[in-house]
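Colleague: Mind looking over this structure? Questions follow.
The values are calculated or read from the model by the stated rules, or taken from the named source; none is laboratory data. Only a predicted model underlies this, so the values are computations on that prediction, with no experimental measurement involved. Heads up, the Cβs are rebuilt from the backbone with ideal geometry, glycines too, and the neighbour counts pull from every protein chain shown. The accessibility values were calculated without ligands, DNA or RNA, using every heavy atom of the protein model including side chains. Shrake-Rupley method; radii C 1.70, N 1.55, O 1.52, S 1.80 Å.
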Amino acid sequence: MNKKTIIRTLEKIALYMELQGENPFKVSAFRKAAAALEGDERSLSEMDDVTKLKGIGKGTAAVIEDLMLTGESSLLKELEEVVPKGLLPLLKLPGLGGKKIAKLHQELGIDSAESLKAACEAGKVRELAGFAVKTEEKILKELANLANRSERLPIWQLEPVVLQIEALLGSMKEVDRFSVAGSFRRALETSKDIDFIVVTEAVEEVRENLLNSLAIQEVVAAGDTKISVILDLDEPVSVDFRLVKDNEYATALHHFTGSKDHNVRMRQIAKARGEKISEYGVEQEDGTVLTFQDEAAFFAHFDLPWIPPSLRTGTAEFDKTNIIQNLVRLEDIKADLHMHTTWSDGAYSVAEMGEALLARGYQYSVITDHSQFLKVANGLTPERLEKQRGEIEAFNAAHPDFHLFKGTEMDILPDGSLDFEDQVLKELDFVIASIHSSFTQSQDKIMARLLTAMQNPYVHMIAHPTGRIIEDRDGYNPDMKQLIAWAKEYGKILELNANPYRLDLCVEHLEMACAAGVPVAINTDAHDIAHLRFMDIGVRYANRAWLPKDMIVNTWTREQFEAFIQRNK
DNA sequence: ACCGCTCGCGGTGCGGGCTTTTGAGCCCG
């Protein structure tokens, strides 16, 4: 019996109890027990007594013992007999929780989405205490939505929507300031919706403007403090706007940025001091409410540094406050080491990319068009690569305070060889090696390919090391522990590809690279000037892994970078 | 159901808002 199964069983028990309308504390006790097991790194055999873990007592330990001895949980079996499986999806319906579902089951014998629909249509549901006509209508509407209801949306789908809404809010003269909040601001891979905090004194105008300017499928709520809409895009996207006064901005932004666990911890800290935090301010013991100009002032009130949103998980951010100042911020970034031009599959010329990089205030960058193997991307032959050199040198001659290094994104071929000979690589300043083909090879073959690149003295960096696309494909499944060990051994950089499709390395792998002391570069892989903005996402994502600034290659000065890339010549 | 303060019992990481049932359940971070 493995630990994962036990954790899942405890969570299942909680779910079934919830559907029975059980005491919510009892339900959460089972969830807490599961979380306690999950949070402990030891395997079950290494724990002599599970009840020593905080959150596991007599009852939950009995379930664990049951599972260990018999492979089954008699408690779960009993629950499954009493609670119909068809009720499980009903918890997803907004407005229905365990208590209400239990009542529907007990009073009307409802056991599935179908029977709930029938009961609503027959007008049976409105007769129940706690339900009425409106509830019935709402349930019917939500049942219709249930099938095509999308779960969490990936960051790459939300990012352009956020950009568009930011442009709209920025253009509205009644809007004094605004920010995106929620899990998007914390740089999570997926979010359920998008939250915006908007400061305005002209609530009506802003509301009308928003409702008229956005492509709206459905207005969920449109009050004085909250506007909630579903946008009519390829997939429906929920967006919430919170309209607040200027002095409430900091606490509202903090509150709606979360995470929930972070907020709970903050409120505990406040409570211990006799204060109360809400989205409107910090209430003092005498009832007066303090407000703050910005989040930094709010955190400072609790003797905390400004905690970057990505760190707000409710865990380490309160213990490791002394190293927060060592983490990377967007203004620390001095270069972008991975981008494409019209020479391969990019949309802008070398000079246009160069000007855009200068406009971002960078000191240097690297042009890295694809190599010849990638025909679909118009990859460069050694001859064309040589021609490109002239264009880059001309740009550099005209811009003495900035430097474009000459590079390539070279394919690691399916047979394990590299796309350019060493003589070609030798002439380049910076060489990226990456895999774009034969993802389904065995892990041994993939690792053999990567090892060739690692052992080549002219290669500096491995780009998007796993090849994953968020919520779409898993990539080529390299042995990351081994890859990181090689990067350390051969002195290579691993990339955090900041394109929101990729975010590769992921947080877990970044943490491993960090622990091993392997340098990381945050790159946009821009194929368009507009893509250079992804650096912001990359930086916020890197924060989630607590990567210190000095381990991030593109925070280095041009001199430091040059010293590093020339070491093998 | 678990924990902690003390051996049975009260509180359960927070607080606000919305619905519509004018309480209690549900939802948000």
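Colleague: For residue A:319, indicate whether it is open to solvent by 50 Å² or more (accessible area, probe 1.4 Å), within 16 Å of DNA strand B (Cβ to nearest atom), over 16 Å from residue A:253 (Cα atoms) and more than 23 Å from the chain's Cα centre (by Cα).
Modeller: On the way: open to solvent by 50 Å² or more (accessible area, probe 1.4 Å): yes; within 16 Å of DNA strand B (Cβ to nearest atom): yes; over 16 Å from residue A:253 (Cα atoms): yes; more than 23 Å from the chain's Cα centre (by Cα): no.
Spelling it out, it is not the case that residue A:319 is open to solvent by 50 Å² or more (accessible area, probe 1.4 Å), within 16 Å of DNA strand B (Cβ to nearest atom), over 16 Å from residue A:253 (Cα atoms) and more than 23 Å from the chain's Cα centre (by Cα).
Colleague: Out of (1) within 15 Å of DNA strand B (Cβ to nearest atom); (2) within 22 Å of residue A:256 (Cβ to Cβ), the odd one out for residue A:166 is which?
Modeller: In the conditions (1) within 15 Å of DNA strand B (Cβ to nearest atom); (2) within 22 Å of residue A:256 (Cβ to Cβ), residue A:166 misses (1) alone.
Colleague: Which numbered condition trips up residue A:145, out of (1) touching a Lys or Arg at 6+ places or on another chain (Cβ under 9 Å); (2) under 30 Å from residue A:87 (Cα atoms)?
Modeller: Every listed condition holds for residue A:145 apart from (1).
Colleague: OK, next. Any chance you could count how many residues in the range A:269-286 are within 17 Å of residue A:245 (Cα to Cα) and without any contact (Cβ under 8 Å) to a residue 12 or more places away in the chain? Reasoning before the result, please.
Modeller: Within the range A:269-286, the subset within 17 Å of residue A:245 (Cα to Cα) is A:277-283.
From the residues that got through so far, the ones that are without any contact (Cβ under 8 Å) to a residue 12 or more places away in the chain too are A:283.
Total satisfying the criteria: 1.
Colleague: Among the residues of the range A:407-415, is any without any contact (Cβ under 8 Å) to a residue 40 or more places away in the chain, outside any strand (DSSP E or B) and open to solvent by 10 Å² or more (accessible area, probe 1.4 Å)?
Modeller: Yes, because at least one residue in the range A:407-415 is without any contact (Cβ under 8 Å) to a residue 40 or more places away in the chain, outside any strand (DSSP E or B) and open to solvent by 10 Å² or more (accessible area, probe 1.4 Å).
Colleague: With respect to residue A:150, determine if the residue is within 15 Å of DNA strand B (Cβ to nearest atom), outside any helix (DSSP H, G or I), among the hydroxyl-bearing types (Ser, Thr, Tyr) and modelled with pLDDT under 95.
Modeller: In short, yes.
Colleague: Quick test for you: out of A:74, A:43, pick the one residue that is in contact with a helix residue (DSSP H, G or I) (Cβ under 9 Å, 6 or more places away or on another chain) and free of Cβ contacts under 8 Å to residues at least 24 places away in the same chain.
Modeller: Values: A:43 fails: free of Cβ contacts under 8 Å to residues at least 24 places away in the same chain.
None of the others qualify; the one that does is A:74.
Colleague: For the range A:30-37, state whether one or more residues are within 15 Å of DNA strand B (Cβ to nearest atom), touching a Leu at 6+ places or on another chain (Cβ under 8 Å) and not aliphatic (A, V, I, L, M). Explain how you work it out, then say what you get.
Modeller: Step one: of the range A:30-37, the residues within 15 Å of DNA strand B (Cβ to nearest atom) are A:30-37.
Checking which are touching a Leu at 6+ places or on another chain (Cβ under 8 Å) leaves us with A:30-31, A:33-34, A:36-37.
Keeping just the survivors that are not aliphatic (A, V, I, L, M) gives A:30-31.
Scanning the range A:30-37 turns up at least one residue that is within 15 Å of DNA strand B (Cβ to nearest atom), touching a Leu at 6+ places or on another chain (Cβ under 8 Å) and not aliphatic (A, V, I, L, M).
Colleague: Output the number of the condition that residue A:514 fails; it satisfies all remaining conditions of (1) among the hydrophobic types (A, V, I, L, M, F, W, C); (2) open to solvent by 10 Å² or more (accessible area, probe 1.4 Å); (3) closer than 28 Å to residue A:166 by Cα.
Modeller: Of everything listed in (1) among the hydrophobic types (A, V, I, L, M, F, W, C); (2) open to solvent by 10 Å² or more (accessible area, probe 1.4 Å); (3) closer than 28 Å to residue A:166 by Cα, residue A:514 misses just condition (3).
Colleague: In the range A:462-505, which residue that is among the acidic types (Asp, Glu) and open to solvent by 10 Å² or more (accessible area, probe 1.4 Å) is farthest from the chain's Cα centre (by Cα)?
Modeller: Here is the first cut: in the range A:462-505, the residues among the acidic types (Asp, Glu) are A:471-472, A:474, A:479, A:489, A:495, A:504.
Subsequent filtering for residues that are open to solvent by 10 Å² or more (accessible area, probe 1.4 Å) retains A:471-472, A:474, A:479, A:489.
Numbers: A:471: 11, A:472: 14, A:474: 16, A:479: 22, A:489: 30 Å.
Per the criteria, the residue is A:489.
Colleague: What helices (runs of 4 or more DSSP H), lying completely within the range A:468-554, carry at least 2 residues that are among the aromatic types (Phe, Trp, Tyr)? Let's see the steps before the verdict.
Modeller: Values: elements: A:480-490, A:507-516, A:534-544.
Of the helices (runs of 4 or more DSSP H) lying wholly inside the range A:468-554, those with at least 2 residues that are among the aromatic types (Phe, Trp, Tyr) span A:480-490, A:534-544.
Colleague: Evaluate the following for residue A:61: is it without any contact (Cβ under 8 Å) to a residue 12 or more places away in the chain, surrounded by 15 or more Cβ atoms within 10 Å (Cβ to Cβ) and near DNA strand B (Cβ under 9 Å from one of its atoms)?
Modeller: Numbers: without any contact (Cβ under 8 Å) to a residue 12 or more places away in the chain: yes; surrounded by 15 or more Cβ atoms within 10 Å (Cβ to Cβ): yes; near DNA strand B (Cβ under 9 Å from one of its atoms): yes.
Yes, satisfied.
Colleague: Could you list, ordered by first residue, the pairs with Cβ atoms under 9 Å in which the first is in the range A:251-267 and over 12 Å from residue A:315 (Cα atoms) and the second is near DNA strand B (Cβ under 6 Å from one of its atoms) and open to solvent by less than 10 Å² (accessible area, probe 1.4 Å), at least 6 apart or interchain?
Modeller: A:256/A:182; A:257/A:182; A:258/A:182
Colleague: Could I ask something else about it? Is at least one residue of the range A:9-16 open to solvent by 30 Å² or more (accessible area, probe 1.4 Å) and of a type in the set (S, T, N, Q)? Let's see the steps before the verdict.
Modeller: Here is the first cut: in the range A:9-16, the ones open to solvent by 30 Å² or more (accessible area, probe 1.4 Å) are A:11-12, A:15.
Right, trim to of a type in the set (S, T, N, Q) and you get none.
Within the range A:9-16 (the criterion being open to solvent by 30 Å² or more (accessible area, probe 1.4 Å) and of a type in the set (S, T, N, Q)), the answer is no, since none of the residues qualifies.
Colleague: Does the range A:114-127 contain any residue that is more than 27 Å from residue A:22 (Cα to Cα), open to solvent by 20 Å² or more (accessible area, probe 1.4 Å), away from DNA strand B (no atom under 13 Å from the Cβ) and assigned to a helix (DSSP H, G or I)?
Modeller: Taking the range A:114-127 as the starting set, the residues that turn out to be more than 27 Å from residue A:22 (Cα to Cα) are A:121-122.
Of the ones still in play, those that are also open to solvent by 20 Å² or more (accessible area, probe 1.4 Å) are A:121-122.
Still in the list and also away from DNA strand B (no atom under 13 Å from the Cβ): A:121-122.
Filter again for assigned to a helix (DSSP H, G or I), leaving A:121.
Yes, the conditions are met somewhere in the range A:114-127.
Colleague: While we're looking at this one, here's another question. Out of all the residues in the range A:330-338, is one or more within 16 Å of DNA strand B (Cβ to nearest atom) and either touching a strand residue (DSSP E or B) at 6+ places or on another chain (Cβ under 6 Å) or free of Cβ contacts under 8 Å to residues at least 60 places away in the same chain (or both)?
Modeller: Checked the range A:330-338: no residue is within 16 Å of DNA strand B (Cβ to nearest atom) and either touching a strand residue (DSSP E or B) at 6+ places or on another chain (Cβ under 6 Å) or free of Cβ contacts under 8 Å to residues at least 60 places away in the same chain (or both).
Colleague: Still on this structure, I have one more. Sort through A:434, A:344 and tell me the only one that's crowded, with 18+ Cβ neighbours inside 10 Å and within 26 Å of residue A:563 (Cβ to Cβ). Working first, answer last.
Modeller: On the way: A:344 fails: within 26 Å of residue A:563 (Cβ to Cβ).
When all the criteria are applied, what remains is A:434.
Colleague: Among all residue pairs at least 6 apart or on different chains, which show Cβ distances below 8 Å where the first residue, located in the range A:539-556, is closer than 18 Å to residue A:322 by Cβ and touching a residue at least 60 places away in the same chain (Cβ under 8 Å) and the second is in a helix (DSSP H, G or I) and among the charged types (D, E, K, R)?
Modeller: Correct list of pairs: A:546/A:511; A:549/A:332.
Colleague: A further question follows. Search the range A:93-110 for residues being small (Gly, Ala, Ser) and surrounded by 16 or more Cβ atoms within 10 Å (Cβ to Cβ), and hand back the single one that is nearest to DNA strand B (Cβ to nearest atom).
Modeller: The extreme case among them is A:98.
Colleague: A further question follows. Evaluate the following for residue A:395: is it closer than 26 Å to residue A:466 by Cα, crowded, with 16+ Cβ neighbours inside 10 Å, under 37 Å from the mean Cα position of the chain (by Cα) and of a type in the set (A, V, I, L, M, F, W, C)?
Modeller: Numbers: closer than 26 Å to residue A:466 by Cα: no; crowded, with 16+ Cβ neighbours inside 10 Å: yes; under 37 Å from the mean Cα position of the chain (by Cα): yes; of a type in the set (A, V, I, L, M, F, W, C): yes.
It is false that residue A:395 is closer than 26 Å to residue A:466 by Cα, crowded, with 16+ Cβ neighbours inside 10 Å, under 37 Å from the mean Cα position of the chain (by Cα) and of a type in the set (A, V, I, L, M, F, W, C).
Colleague: Something else about it: Residues that are at pLDDT 90 or above and under 22 Å from the mean Cα position of the chain (by Cα): which strands (runs of 3 or more DSSP E) entirely in the range A:201-285 hold 3 or more of them?
Modeller: Values: elements: A:216-222, A:226-231, A:237-244, A:276-278, A:281-283.
Because the criterion is at least 3 residues that are at pLDDT 90 or above and under 22 Å from the mean Cα position of the chain (by Cα), the strands (runs of 3 or more DSSP E) in the range A:201-285 that meet it are A:237-244.
Colleague: Tell me, yes or no, whether the range A:173-184 has at least one residue that is open to solvent by less than 50 Å² (accessible area, probe 1.4 Å), in contact with a helix residue (DSSP H, G or I) (Cβ under 6 Å, 6 or more places away or on another chain), more than 13 Å from DNA strand B (Cβ to nearest atom) and in a loop (DSSP other than H, G, I, E, B).
Modeller: Yes; the residues of the range A:173-184 include at least one that is open to solvent by less than 50 Å² (accessible area, probe 1.4 Å), in contact with a helix residue (DSSP H, G or I) (Cβ under 6 Å, 6 or more places away or on another chain), more than 13 Å from DNA strand B (Cβ to nearest atom) and in a loop (DSSP other than H, G, I, E, B).
Colleague: Count, please, the residues in the range A:313-341 that happen to be acidic (Asp, Glu), modelled with pLDDT of 95 or more and over 22 Å from residue A:562 (Cα atoms). Before the answer, list the steps.
Modeller: Filtering the range A:313-341 down to residues acidic (Asp, Glu) leaves A:317, A:319, A:331-332, A:336.
Going one step further and asking which of them are modelled with pLDDT of 95 or more, we end up with A:331-332, A:336.
After this cut, where a residue has to be over 22 Å from residue A:562 (Cα atoms) as well, the list is none.
Matching residues across the range A:313-341 total 0.
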